[in-house]
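The values are calculated or read from the model by the stated rules, or taken from the named source; none is laboratory data. Fair warning: this is a prediction, and the values are worked out from it, not measured in the lab. Reconstructed Cβ throughout: ideal geometry from the backbone, glycine too, with neighbour counts over all protein chains shown. Each accessible area value is taken on the protein alone, full model and side chains, heavy atoms only, with ligands, DNA and RNA left out. Shrake-Rupley method; radii C 1.70, N 1.55, O 1.52, S 1.80 Å.
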Amino acid sequence: MKLKVRVIEARNLPAMDLNGLSDPYVRLHLGRYKFRTKVVKKSLNPCWDEEFNFKVDDLSEELSVSVLDEDKYFSDDFLGQVKVPVSQVLESDNMTLGPAWFALQPKSKKSKSRECGDIRLTISLSQNNNFSGELRTMPQSYHDDREVQIEKTTDVPRDSVSLSSDVSARSSTSLEGVGSTPATEENLNSTSLLERLVQIFVGKNGEDSFISSRDLNLSEIPVEPVISEQKSDEFSSHSTFDEAIKSMESRDDGGEMPGNLPGGVLLDQSFVVSPSDLNSLLFSDSSKFWRSLAEVQGTTELQEGPWQFENSGERLKRVVTYLKAASKLVKAVRAMEEQMYLKANGKEYAVLVVVSTPDVPYGSYFRTELLFCIMPGPELPSEDLSSRLVISWRMNFLQSTMMKSMIENGARQGLKDNYAEFADLLSKNVKMVDPKDLLSGKEQILASLQVEEESDWKLAVRYFGNFTVVITILLVVYVSVHILLANPSTIQGLEFVGLDLPDSIGEIIVCGILVLQGKRVLDMIACFLQARVQRGSDHGVKAQGDGWLLTVALIEGTSLAAVDSTGFSDPYVVFSCNGKTKTSSIKFQILDPQWNEIFEFDAMDDPPSTMNVEVFDFDGPFDEAKSLGHAEVNFVKSNLSDLADVWIPLQGKLAQACQSKLHLRVFLNNTRGTEIVKDYLTKVEKEVGKKINVRSPQTNSTFQKLFGLPPEEFLINDFTCHLKRKMPMQGRLFLSPRIIGFYANLFGNKTKFFFLWEDIEDIQVIPPSLASVGSPSLMIILRRGRGMDAKHGAKKMDEEGRLKFHFQSFVSFQVANRTIMALWKAKSLSPEQKVQIVEEESDAKILQTEDSGSFLEIEDSMTEVFSSVIPIQTNSVMELFGGGDLENKVMTKVGCVDYSLSSTQQKSPLSDQSGWVVEEVMTLEGVPLGEYFNLQLRYQVEDFASRLKCNVQVFLGIAWLKSTTHQKRIRKNIVSNLSKRLKEMFSLIEKELASGK
């Protein structure tokens, strides 16, 4: 009998790594046979969807299903297990259990209270004993392992567990050949002949072979079923590749394309060719592309097998073998590729390629998987069809090994080199899409959008042609006719001339109905007139200025929610970006509106991070508009080419219930080219007070790839620091105009995340402590509900739902703090707040100049030579500049004999009254070349956190009175000696004031 086990998924598995996740896989054991699934990285609710077949020799056996967590350096961690007796499956209905959830149990009885999660399985028994099918077990999902590790618990050494695919194929073919012979008594008794065939194809020694002759029973090999299966699955030699693809297209269920494999993307490029033609170029039997690539790479003995259907025509698959050329490290090795179509619908194609290289070191331990995704590309101005090719990869390890990292690194580099040659050859066969063509075609694409003008009469008929208006008109006509036909009523009751009161309850009700209906109609008229005034107010308004130019084309909407009593809505769209808004025209009584309107935002100095889109239902000038859904366009996480034509699903209860979408075309480009980067860095330099160098294109490219950022993002600065969590993690903090990101790689365990500057609500400076090794640290607090993608890097989430990130141990805290604060203020503050801050700073500078008469000539080019937090009050430290006993004592102890105040000093309060600024111009006498320069010092003493401490910063500038060739040497000596002198001075101040207390 054959036991078929389908491992579907698991849930609520225990977390085993520092990130609160696991790398789970499943190991199955029944009798002599063992199987294992692929490893799902970083998941507590993994999905495998793999199927395995076991031969059942004894119904008293138990199927053991264990879930383990893969560990790179130590033994795999046990997560839970479940045991199912085969007899239980036999006694169930139709000899099938599931699909059902089975509770995972701990390994030891002492841990019964521990929650291990659940696993979903389907287990069934059948009478089909074709054990050759077990050797070629193929999981059903696209990402499953193509070679299943099968181990025998007896008489098979560990080294013979994994065999190359060609050996397995030959062994299984030999078995099928035997099964396909006529079932005569002579053939069934020819056991010796079968043993010889197995020894020839599998191994000479029965002990080392994958299947020894004693494991086979000729009476268990079916005859007719194998023949019929072969006929149904084998691809007809008279059929063509195109016919096979059309057959797959007819069976397509409309599912989504598979996601990229976790190893990374090797190629992501668009080509001027239709997806079907690109698919034929790469995978058709008649294509010569792979042979041309083999010549370029030095590959020989290339053999491309025919495409064949498997699993009753569900999968289209072929086998390609070749001999890879020798490299500097590895000799020429034979490789086998199994290429299998996962999806083909005429517009989208997905092909999974599993590469086996059993001859390389540890070749039986892993398989390399490549995923080719071909999909429609961006629209081109020439109206030619385009396609996008994305190739991703991963390493699938069948056995654990300590060489895993080395194997992955070597494979990564080899694949990168191979597919660079692949991309170069492909670009010679088909033309690549140039991003400049997309930008140059922007005007042409937008010019093709024509606003459908409707006359006011048509809009009025559609808007007022409803039950409310019609009934109101009929009532007005009816009442008017009644007034004409009725006789004047006599004055009675409390009536007098000019006042005609209702004479009955019925008349009161009728009057109320008339008033209410009249009010509703008047509101509709006011709403219509207001909507006509708002109609297309922003459409066609050209952007002004130079910088980042954002253009949005609103094409259409679909399946919007109906909120009016008529079953329709009056939708309009509001776009918001960097504090500016654009509003579309209002479409009356429709759920699938067509706009075709273009909006341009004035040029922005900073690249925008996000654009908010919200759809409202118009209810008149006096009522609050009701939201029909909202969405966010994230320029950091999206490529501009993808936004050139995109359908955006709307969020919100109404929108998600109706599956509402908006069709947009978004274009973002800068008009100043590379100058915009220099201008931005110059602006940041003024805030930070330190020179910031422009990074090289290679550095920017590496930064973009590290965090998956678009090509227009550039790196400003990066700092080494620790991310404080339960265990501090050393890494680097990266700063760019739109994001702040962190990356760490600790023994192969990578941690990276980023969030937007706009997501930050507050930045707090934490005073130095023993935990922060005596240096200040930064606490960055995000707004509620923002930055959830970076949740794994946060120290904690507070009661208000805000994430908090704690960074410490900066090499230069002051520079990092000033840079972060400058970038945050530039992105998070509104334009009005920025103007107010600039005005306040300019007023403070004017006031300081008028009151104190600042006489430092080179204030902008001064460098910091000393910075420290001193546990003394600010006023006490200022005694150093008072010319009293403290100043004389300190200067004498630091080596200034017969000290007298010979320099010029000026003291003034800080703008926020939190400290003092002392400016000093000093001339050195009796030193070599002292007449060539003077020193200009700026002491800044301000309160720090509590008033019991103060922060002291000293800046130095050298004003050269005469030119000399020794400027660099003089500056170096002055900075070195002055830094030591200042450190000694302030330590003596601390001791003197402490002893004076």
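Any idea which of 675, 685 is among the acidic types (Asp, Glu) and surrounded by 14 or more Cβ atoms within 10 Å (Cβ to Cβ)?
685
Please indicate, with yes or no, whether at least one residue in segment 936-950 is out of contact with any Lys or Arg (no Cβ under 6 Å at 6 or more places or on another chain) and in a helix (DSSP H, G or I).
no
The rows are residues; the columns are (1) modelled with pLDDT of 90 or more; (2) open to solvent by less than 40 Å² (accessible area, probe 1.4 Å); (3) touching a Gly at 6+ places or on another chain (Cβ under 9 Å).
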{"position": "255", "(1), (2), (3)": "no, yes, no"}
{"position": "267", "(1), (2), (3)": "no, yes, no"}
{"position": "285", "(1), (2), (3)": "no, no, no"}
{"position": "289", "(1), (2), (3)": "yes, yes, no"}
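Please determine, by comparing only the residues of segment 269-280 that are open to solvent by 40 Å² or more (accessible area, probe 1.4 Å) and of a type outside the set (Ser, Thr, Tyr), which one is farthest from residue 343 (Cα to Cα).
Here the residue is 272.
Looking at this structure, is residue 887 of a type in the set (D, E, K, R), open to solvent by less than 80 Å² (accessible area, probe 1.4 Å), closer than 24 Å to residue 988 by Cα and modelled with pLDDT of 80 or more?
Here the answer is no, as residue 887 does not meet what is asked.
When you go through (1) of a type outside the set (D, E, K, R); (2) in contact with a Phe, Trp or Tyr (Cβ under 9 Å, 6 or more places away or on another chain); (3) in contact (Cβ under 8 Å) with a residue 60 or more places away in the chain; (4) open to solvent by 50 Å² or more (accessible area, probe 1.4 Å) one by one for residue 727, which number turns out not to apply?
Answer for residue 727: the failing condition is (2).
Please find, within segment 474-497, the residue that is farthest from residue 517 (Cα to Cα) out of those that are in a helix (DSSP H, G or I) and open to solvent by less than 100 Å² (accessible area, probe 1.4 Å).
481
Of everything in segment 561-582, what is crowded, with 18+ Cβ neighbours inside 10 Å, closer than 30 Å to residue 826 by Cβ and at pLDDT 85 or above? Give them in sequence order.
573, 575, 577, 582
Within segment 659-668, is there a residue that is of a type in the set (Gly, Ala, Ser) and surrounded by fewer than 20 Cβ atoms within 10 Å (Cβ to Cβ)?
Checked segment 659-668: no residue is of a type in the set (Gly, Ala, Ser) and surrounded by fewer than 20 Cβ atoms within 10 Å (Cβ to Cβ).
Among the residues of segment 664-681, is any of a type in the set (Gly, Ala, Ser) and out of contact with any Leu (no Cβ under 9 Å at 6 or more places or on another chain)?
Checking segment 664-681: at least one residue is of a type in the set (Gly, Ala, Ser) and out of contact with any Leu (no Cβ under 9 Å at 6 or more places or on another chain).
Filter segment 711-742 for residues that are in a loop (DSSP other than H, G, I, E, B) and at pLDDT 85 or above; which is nearest to residue 608 (Cα to Cα)?
738
Restricting the search to segment 340-365, which residues are more than 14 Å from residue 396 (Cα to Cα) and either in a strand (DSSP E or B) or of a type in the set (A, V, I, L, M) (or both)?
Passing the criteria: 340, 341, 342, 343, 344, 349, 350, 351, 360.
For segment 376-397, name all the residues that are part of a loop (DSSP other than H, G, I, E, B) and touching a Ser or Thr at 6+ places or on another chain (Cβ under 6 Å).
Listed by number, the residues that qualify are 377, 378, 380, 385, 386.
Among the listed residues 68, 104, 44, 13, identify the single one that is under 30 Å from residue 744 (Cα atoms), at pLDDT 85 or above and in contact with a Gly (Cβ under 7 Å, 6 or more places away or on another chain).
So the residue among 68, 104, 44, 13 that is under 30 Å from residue 744 (Cα atoms), at pLDDT 85 or above and in contact with a Gly (Cβ under 7 Å, 6 or more places away or on another chain) is 13.
Find the residue count for segment 369-393, including only residues that are buried (at least 21 other Cβ atoms within 10 Å of the Cβ) and closer than 27 Å to residue 76 by Cα.
Of the residues in segment 369-393, 2 are buried (at least 21 other Cβ atoms within 10 Å of the Cβ) and closer than 27 Å to residue 76 by Cα.
Could you please let me know if residue 77 is touching a residue at least 60 places away in the same chain (Cβ under 8 Å) and at positive phi?
no
Enumerate the pairs (first residue in segment 421-446 and of a type in the set (Phe, Trp, Tyr) and at pLDDT 60 or above; second residue anywhere and open to solvent by 80 Å² or more (accessible area, probe 1.4 Å) and outside any loop (DSSP other than H, G, I, E, B)) with beta-carbon separation below 7 Å, excluding pairs fewer than 6 apart on the same chain, so at least 6 apart or on different chains.
From segment 421-446, no pairs qualify.
Go through segment 345-367 and give me each residue that's surrounded by fewer than 19 Cβ atoms within 10 Å (Cβ to Cβ), small (Gly, Ala, Ser) and more than 16 Å from residue 324 (Cβ to Cβ).
Matches in segment 345-367: 346 only.
Answer with yes or no whether residue 761 is of a type in the set (Asp, Glu), touching a residue at least 24 places away in the same chain (Cβ under 8 Å) and surrounded by fewer than 17 Cβ atoms within 10 Å (Cβ to Cβ).
Against the criterion (of a type in the set (Asp, Glu), touching a residue at least 24 places away in the same chain (Cβ under 8 Å) and surrounded by fewer than 17 Cβ atoms within 10 Å (Cβ to Cβ)), residue 761 qualifies.
Tell me whether segment 912-928 contains one or more residues that are under 46 Å from the mean Cα position of the chain (by Cα) and either among the small types (Gly, Ala, Ser) or at pLDDT 85 or above (or both).
Yes: segment 912-928 contains one or more residues that are under 46 Å from the mean Cα position of the chain (by Cα) and either among the small types (Gly, Ala, Ser) or at pLDDT 85 or above (or both).
Identify, from the list 6, 36, the residue that is open to solvent by 40 Å² or more (accessible area, probe 1.4 Å) and either of a type in the set (Val, Ile, Thr) or touching a residue at least 24 places away in the same chain (Cβ under 8 Å) (or both).
Being open to solvent by 40 Å² or more (accessible area, probe 1.4 Å) and either of a type in the set (Val, Ile, Thr) or touching a residue at least 24 places away in the same chain (Cβ under 8 Å) (or both) holds for just one of 6, 36, which is 6.
Pairs needed: first member in segment 479-508, among the charged types (D, E, K, R); second member anywhere, surrounded by fewer than 11 Cβ atoms within 10 Å (Cβ to Cβ); C-beta distance under 7 Å; at least 6 residues apart or different chains.
From residues that are among the charged types (D, E, K, R), the pairs are 500/489.
So which residues in segment 498-522 are surrounded by 10 or more Cβ atoms within 10 Å (Cβ to Cβ), of a type in the set (Val, Ile, Thr) and more than 60 Å from the chain's Cα centre (by Cα), if there are any at all?
Hits for segment 498-522 are 508, 509, 510.
With respect to residue 933, determine if the residue is without any contact (Cβ under 8 Å) to a residue 40 or more places away in the chain, open to solvent by less than 40 Å² (accessible area, probe 1.4 Å) and among the aromatic types (Phe, Trp, Tyr).
It is true that residue 933 is without any contact (Cβ under 8 Å) to a residue 40 or more places away in the chain, open to solvent by less than 40 Å² (accessible area, probe 1.4 Å) and among the aromatic types (Phe, Trp, Tyr).
Considering each residue of segment 602-653, count those that are closer than 30 Å to residue 432 by Cα and polar (S, T, N, Q), and give that number.
Qualifying residue count, segment 602-653: 6.
For segment 692-710, which positions are in a loop (DSSP other than H, G, I, E, B) and free of Cβ contacts under 8 Å to residues at least 24 places away in the same chain?
Of everything in segment 692-710, those that are in a loop (DSSP other than H, G, I, E, B) and free of Cβ contacts under 8 Å to residues at least 24 places away in the same chain turn out to be 693, 694, 695, 696.
Identify, please: which residue in segment 764-808 is touching a residue at least 60 places away in the same chain (Cβ under 8 Å) and assigned to a helix (DSSP H, G or I) and is, among those, surrounded by the fewest Cβ atoms within 10 Å (Cβ to Cβ)?
792
What's the number of the condition residue 896 fails, among (1) farther than 27 Å from residue 959 by Cα; (2) modelled with pLDDT under 75; (3) outside any helix (DSSP H, G or I)?
Only one criterion is unmet by residue 896, namely (1).
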